[in-house]
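K.L.:
My questions all concern the structure below.
The values are calculated or read from the model by the stated rules, or taken from the named source; none is laboratory data. Bear in mind that the values here come from a model prediction, so they are computed numbers and not experimental data. As a convention, Cβ positions derive from the backbone with ideal geometry for all residues, glycine included, and neighbour counts pool all protein chains shown.
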Amino acid sequence: MYIRVKIRVFMFKNFFRKIGKDIAIDLGTANTLVYTPEKGIVIDEPSVVAINIKTEQILAVGQEAKQMLGKTPAHIQVTKPLTAGVISDYEVTEKMLKYFIDKVQKDGFSMSSRPRVIIAVPLDVTEVEIKAVEDATMSAGAREAIIVQGPMAAAIGARMPIQEAVGNMVVDIGAGSTEIAVLSLNGVVTWKSTQIAGDEMNRNIIQYAREVFNLLVGESHAEQIKLKVGSALPGSEVIEFNMKGRDVVTGLPKEILINDEQIREALARSVKTIVDHIKMTLEITPPELIADIHERGLLLVGGGAMLRGIDKIISQATEISVRIADDPLTTTVRGVGILLEEDELLRSIALPSAKQKR
């Protein structure tokens with residue numbers, strides 16, 4: 001009788017899996033990526049929501065909302081509902097997730113088929129934060145919410161052998177945090193995390209512009225400068241860019257020509273902090289795994305991995321080879337996508353549901 005019940009439950013789940021869309025989500029501070037087995041990455045949008053605070057109506061989500069940053073009247077609020085990869089505004093996150101899930105589902109079987117959703121979260125997520133992600137996902141329309149750790153998903157996305165008894169090191173430089181993890185046998189052995197990451201680098205540029213040039217620069221423009229000019233080490237040629245903002249003294253628009261050396265100076269402290277955290281993680285890693293990492297090297301993922309020369313400066317500081325993942329921005333969501341098809345692996349690495357502990 002028990003076996004029959006288990007078979008029926010299995011068949012029931014498989015039935016819903018066929019009519020519903022399983023969805024993988026990398027819920028990031030800067031960007032949210034959504035993956036389906038049928039189409040791959042179907043959504044890559046900024047984690048930004050614009051709300052009319054008079055009517056509480058959602059005006060825009062994603063790229064459209066990001067374009068409104070710093071340009072709205074008093075009754076429109078543009079908000080980023082995630083801080084360092086965790087939910088800081090539950091209601092807005094729920095609405096954002098619902099928007100993305102609905103957007104995926106509208107091309108699917110029917111809106112009555114609720115998807116199973118797997119979501120990647122940071123390493124230092126608390127039980128309360130896990131519950132918030134689960135609740136927001138279920139309220140947004142999921143029939144099941146499964147939580148996995150981001151660096152673990154990134155390693156899977158990069159096809160690292162995390163199931164084997166060998167050391168695998170992943171450094172995920174995101175927008176809100178940098179996470180360094182040593183993985184083996186489907187688990188995290190040692191790890192460190194710091195909130196020095198992409199967003200902090202943007203703030204470095206804003207502060208540098210004010211202190212050195214008496215220029216007030218917006219966050220979006222600072223990010224653009226980081227992408228165009230930012231580097232961790234000098235390159236073969238000088239890169240220049242026009243920095244635009246408001247003169248602190250006159251209050252008038254001002255434009256100056258800056259170069260990669262100046263931006264490198266602005267980012268130096270953040271880059272050093274990330275390198276120091278990598279070295280601290282290595283210092284607490286078991287010798288057997290250190291030997292594996294020294295032989296195999298470490299993997300860089302996340303948007304910060306695209307900062308020119310950061311792989312070389314990490315390699316010089318640690319004396320370990322460093323490789324940047326193919327398309328480092330999507331490595332994590334691709335790993336979560338693999339888990340949609342790998343039930344046994346998913347069971348072994350999924351975090352315990354906060355609902356089961358109540």
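K.L.:
From the residues in the stretch 26-44 that are buried (at least 22 other Cβ atoms within 10 Å of the Cβ) and of a type in the set (Val, Ile, Thr), which one is modelled with the lowest pLDDT?
P.N.:
Checking each candidate, the answer is THR29.
K.L.:
Quick check: is even one residue across the stretch 295-309 surrounded by fewer than 20 Cβ atoms within 10 Å (Cβ to Cβ) and part of a strand (DSSP E or B)? Break it down into steps so the answer makes sense when it comes.
P.N.:
The first filter runs over the stretch 295-309 and keeps only residues surrounded by fewer than 20 Cβ atoms within 10 Å (Cβ to Cβ), leaving 295-297, 306, 308-309.
Cutting the leftovers down to part of a strand (DSSP E or B) gives us 308.
Yes, the conditions are met somewhere in the stretch 295-309.
K.L.:
Another one. What residue, of ARG246, ARG264, ARG203, ARG210, is buried (at least 20 other Cβ atoms within 10 Å of the Cβ) and out of contact with any helix residue (DSSP H, G or I) (no Cβ under 7 Å at 6 or more places or on another chain)?
P.N.:
Details: ARG246 fails: buried (at least 20 other Cβ atoms within 10 Å of the Cβ); ARG203 fails: buried (at least 20 other Cβ atoms within 10 Å of the Cβ); ARG210 fails: buried (at least 20 other Cβ atoms within 10 Å of the Cβ).
After ruling out the rest, the residue left standing is ARG264.
K.L.:
While we're on this one: From the list ALA30, ALA24, which one is small (Gly, Ala, Ser) and out of contact with any Ser or Thr (no Cβ under 7 Å at 6 or more places or on another chain)? Lay out the reasoning, then the answer.
P.N.:
Details: ALA30 fails: out of contact with any Ser or Thr (no Cβ under 7 Å at 6 or more places or on another chain).
So the residue among ALA30, ALA24 that is small (Gly, Ala, Ser) and out of contact with any Ser or Thr (no Cβ under 7 Å at 6 or more places or on another chain) is ALA24.
K.L.:
Is it true that ARG246 is closer than 25 Å to LEU216 by Cα, free of Cβ contacts under 8 Å to residues at least 60 places away in the same chain and touching a Ser or Thr at 6+ places or on another chain (Cβ under 9 Å)?
P.N.:
Values: closer than 25 Å to LEU216 by Cα: yes; free of Cβ contacts under 8 Å to residues at least 60 places away in the same chain: yes; touching a Ser or Thr at 6+ places or on another chain (Cβ under 9 Å): no.
Here the answer is no, as ARG246 does not meet what is asked.
Yes or no, residue by residue, for (1) assigned to a loop (DSSP other than H, G, I, E, B); (2) of a type outside the set (A, V, I, L, M); (3) modelled with pLDDT under 90:
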{"position": "ALA60", "(1), (2), (3)": "no, no, no"}
{"position": "GLU64", "(1), (2), (3)": "no, yes, no"}
{"position": "LYS71", "(1), (2), (3)": "yes, yes, yes"}
{"position": "MET96", "(1), (2), (3)": "no, no, no"}
{"position": "SER112", "(1), (2), (3)": "yes, yes, yes"}
{"position": "ILE118", "(1), (2), (3)": "no, no, no"}
{"position": "VAL133", "(1), (2), (3)": "no, no, no"}
{"position": "MET138", "(1), (2), (3)": "no, no, no"}
{"position": "ALA142", "(1), (2), (3)": "yes, no, no"}
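K.L.:
Can you tell me which residues in the stretch 90-107 are surrounded by fewer than 17 Cβ atoms within 10 Å (Cβ to Cβ) and either of a type in the set (A, V, I, L, M) or within 19 Å of the chain's Cα centre (by Cα) (or both)?
P.N.:
TYR90
K.L.:
Within the stretch 164-215, take every residue that is assigned to a helix (DSSP H, G or I) and of a type in the set (A, V, I, L, M) and give me the one that is nearest to the chain's Cα centre (by Cα).
P.N.:
Looking at residues that are assigned to a helix (DSSP H, G or I) and of a type in the set (A, V, I, L, M), I get MET201.
K.L.:
I need the full set of residues from the stretch 321-340 which are touching a residue at least 24 places away in the same chain (Cβ under 8 Å) and closer than 16 Å to VAL34 by Cβ, in order please.
P.N.:
Within the stretch 321-340, LEU329, THR330, THR331, THR332, VAL333, ARG334, GLY335, VAL336, GLY337, ILE338, LEU339, LEU340 meet the criteria.
K.L.:
Then there's this: Which one of ILE258, ILE263 is on the phi < 0 side of the Ramachandran plot, not basic (Lys, Arg) and not in a strand (DSSP E or B)?
P.N.:
Numbers: ILE258 fails: not in a strand (DSSP E or B).
The unique qualifying residue is ILE263.
K.L.:
Hey, another quick one. Please specify each residue of the stretch 216-235 satisfying the condition of being part of a loop (DSSP other than H, G, I, E, B) and over 30 Å from ILE293 (Cβ atoms).
P.N.:
VAL217, GLY218, listed by residue number.
K.L.:
Please name all residue pairs, on different chains or six or more residues apart, with Cβ atoms under 6 Å, provided the first residue is in the stretch 272-284 and is in contact (Cβ under 8 Å) with a residue 24 or more places away in the chain and the second residue is hydroxyl-bearing (Ser, Thr, Tyr).
P.N.:
ILE274/THR178; HIS277/THR194; THR281/THR190; ILE284/THR190
K.L.:
Among the numbered criteria (1) surrounded by 15 or more Cβ atoms within 10 Å (Cβ to Cβ); (2) touching a residue at least 40 places away in the same chain (Cβ under 8 Å), which one does ILE239 miss?
P.N.:
Here ILE239 clears every test but (2).
K.L.:
Among the candidates GLY303, GLY297, GLY251, GLY235, which residue alone is of a type outside the set (Val, Ile, Thr) and closer than 22 Å to LYS66 by Cα? Lay out the reasoning, then the answer.
P.N.:
Values: GLY297 fails: closer than 22 Å to LYS66 by Cα; GLY251 fails: closer than 22 Å to LYS66 by Cα; GLY235 fails: closer than 22 Å to LYS66 by Cα.
After ruling out the rest, the residue left standing is GLY303.
K.L.:
Let me ask something else about it. Could you pull out the residue among GLN224, GLN207 that is in contact (Cβ under 8 Å) with a residue 12 or more places away in the chain and of a type outside the set (A, V, I, L, M)?
P.N.:
Values: GLN224 fails: in contact (Cβ under 8 Å) with a residue 12 or more places away in the chain.
None of the other options fit; the residue is GLN207.
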